[in-house]
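Trainee: My structure is below; once you've seen it, I'll send some questions.
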Amino acid sequence: MKPAVPIATVGEGAMAACEVDGVRVLVCQVDGAYYALHNQCSHAHQALDGGTLKGHMLRCPLHGGRFDVRTGACLGPPASLPVATFPVEVERGKVHVDVSGLQPRQRPRFGPLN
Ligand code: FES
């Protein structure tokens, strides 16, 4: 686990982008729980931190693909693949994230053209 962001920067229903070991990470807080995702949409690599968070659903700012911040599961098109999520711990006022399990990214998919 590596320190990612101070908890004070991620209020309830908010998101904070950061980098951990060279990996772009998005930390969110929903219902008092913290979640960390790869800050890269599975559709066309757009950073997700400019998107909107409604409950546990994160909407990509570029084309509106939707993801569950708890699991990274894709909830809506045009994205069809999940976003990686990372283990999170809160320690000494900071959200810590473990990005060691990140797998090489799958090739982006653009719907029926694949
Ligand atoms: S880049 Fe996110 S939905 Fe297209």
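Trainee: As an exercise, identify the trypsin sites (Lys or Arg not before Pro) in the stretch 1-73 lying in DSSP coil whose Cβ has no more than 16 other Cβ atoms within 10 Å.
Mentor: Numbers: sites: Arg24, Lys54, Arg59, Arg66, Arg70; in loops: Arg70.
Taking the stretch 1-73 and a limit of 16 other Cβ atoms within 10 Å, the loop trypsin sites (Lys or Arg not before Pro) found are Arg70.
Trainee: Going out from 0 in 10 Å bins, what whole percent of all Cα-Cα distances in the stretch 2-98 drops into each bin?
Mentor: Spelled out bin by bin, the stretch 2-98 gives 19, 55, 24, 2 percent.
Each reported figure results from applying straightforward, stated rules to the coordinates on display, with no laboratory input. Because the structure is a prediction, the values reported are computed rather than measured. FYI the Cβ positions are ideal-geometry reconstructions off the backbone, even for glycines, and counts take in every protein chain you see.
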